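Note sheet for the following structure.
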Amino acid sequence: MLTQMKVRGLLFDPYNNAYIVILRDEHCADMLPIWVGKSEAGAISFALEQVSPPRPTTHDLLKSILDNVDAKVLSAVVTDLKDNTYYAKIHLWYGDSEYSVDSRPSDAIALALRADAPIFTSEDVLRKQSSEELERWLENLKPEDFGKLET
Amino acid sequence: MSVEQNTDLIPLAVLGVTEDPNTDTRIVILRNDATADVLPIWMGQTEGAAIRHALEDLVPPRPTSHDLMASLAAHLEITVTRVVVTDVRHNTYFAAIHLSNGVERTVDARPSDAIALALRTGCPIYVTRDVLNKSGGDNVETWLSRIAPDVGGRPNGDTDTTPRRRTGTMNRTERA
């Protein structure tokens, strides 16, 4: 079973000097936090804020390559969680076939946002991630931990 | 006075990625051995790392954004035929990625992305004579001759987030 997720925001994690992409389902019942690096967070932040930099970013280029050959991004799916690493797949329609390509979730999400494609995750992944621990962590966040991403 | 554009293509090899000692950026050095043409392109740390990883044949546990780009092309049987550094305006370099899926197509890109993709797909990298003329000059040669010994010789330099200052390689006035 797949659950559709939306990107609810980006948080800075000062303890790990990394960013957290927060994915939530429509009813805000499930949450999936994915830790990503600064440049990966930047790629997602640009898409969320619909910022168009003067020159194409790496993910703008990815989208532009796919557009040029009439390949369509169908969806991005967070497929697995193993040893604290999330795995994703990008599903594409090209020619008259469907393709799926292995990817990091950050790239899959950055591309999906640019292609207006839905983001999904499996129940298995939602179950695996220990939300309790995260909720405790989130409760301890101070307001100043939230803010705009520095790019 | 109008100068005729010289769009002859000069093939380039990526000599290495080095640090700019004065700023927190990376410089990719491209060179044609036969003509001794050199093209340095400044870029961010992330972009520099993407090129360095390809040069060092590093295979990270998970695909990077450029690995994904190459993998998407391979899955869809799109051939990256060549990348060309096509222009420089206000210190910004422009590149074009030439693709073929039966039909030849050209996609606008930053040189950093184009080079990172070229190294992963094994396609040639070119620059137009015009761009070399605009970017070149004795200053670049002099500057490079000082910095060149470090090219490619700094392990893990691109993962270090603290800019290291190397004294003696260059002074500020030379770049201005």
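Some points to look at:
- Protein accessible area in chain A, 1.4 Å probe - carbon and sulfur %: 47 percent
- Residues whose amide H lies under 5 Å from that of A:Asp13, counting only those 5 or more places away or on a different chain, are A:Ala18, A:Tyr19, A:Ile20; hydrogens are built 1.01 Å from N in the peptide plane.
- Residues of the stretch B:72-103 buried by at least 10 Å² on assembly (accessible area, 1.4 Å probe, chain alone as reference): B:Leu72, B:His75, B:Leu76, B:Ile78, B:Thr92, B:Phe94, B:Ile97, B:Leu99, B:Asn101
- Computed E for A:Tyr15/B:Arg105 - FRET, C-beta separation, R0 35 angstrom, nearest 0.05: 0.20
- Residues of the stretch A:31-69 whose accessible area (probe 1.4 Å, heavy atoms of protein chains only) drops by at least 30 Å² once all protein chains are present, relative to their chain alone: A:Ser39, A:Arg55, A:Pro56, A:Thr58, A:Leu61, A:Leu62, A:Ile65, A:Asn68, A:Val69.
- Under a 5 Å amide H cut-off, with hydrogens placed 1.01 Å from N, A:Asp30 pairs with A:Asp25 among residues at least 5 apart or on other chains.
- Where B meets A: accessible area buried, both sides, 1.4 Å probe, Å²: 2400 Å²
- Note on chain A: antiparallel DSSP beta bridges, both residues inside, total approximately 90 percent of the bridges counted.
- Cα gyration tensor, the stretch B:9-151 - rounded (a/c under 1.5), prolate or oblate: oblate
- The A:Leu141 and B:Thr23 beta-carbon pair, evaluated with R₀ = 41 Å, returns a calculated FRET efficiency of approximately 0.75.
- A simple spin-label model places pseudo-atoms 7 Å from Cα toward Cβ; at A:Met1 and A:Val51 they are separated by 3.8 nm.
- Listing of the stretch A:82-99 residues, each with accessible area lower by at least 10 Å² in the full protein assembly than in the chain alone (probe 1.4 Å): A:Thr85, A:Tyr87, A:Ile90, A:Leu92, A:Tyr94, A:Tyr99
- Accessible area expressed per residue, chain A, with surrounding protein chains retained (probe 1.4 Å, Å²): 53 Å²
- The count of lysine pairs in the stretch A:2-142 whose Cα atoms are under 19 Å apart, excluding pairs fewer than 8 places apart on the same chain, comes to 7.
- For the stretch A:93-100, the Karplus equation 6.51 cos²θ - 1.76 cosθ + 1.60, evaluated at θ = phi - 60°, returns couplings of 10, 8, x, 10, 9, 9, 10, 10 Hz by residue, with Gly and Pro reported as x.
The values are calculated or read from the model by the stated rules, or taken from the named source; none is laboratory data. What you see is a predicted model, and the numbers here were worked out from it, not measured in a lab. Every residue, glycine among them, receives a Cβ derived from its backbone with ideal geometry; neighbour counts consider all protein chains shown. Accessible surface is based on the protein model in full, side chains and every heavy atom, while ligands, DNA and RNA are left aside. Shrake-Rupley method; radii C 1.70, N 1.55, O 1.52, S 1.80 Å.
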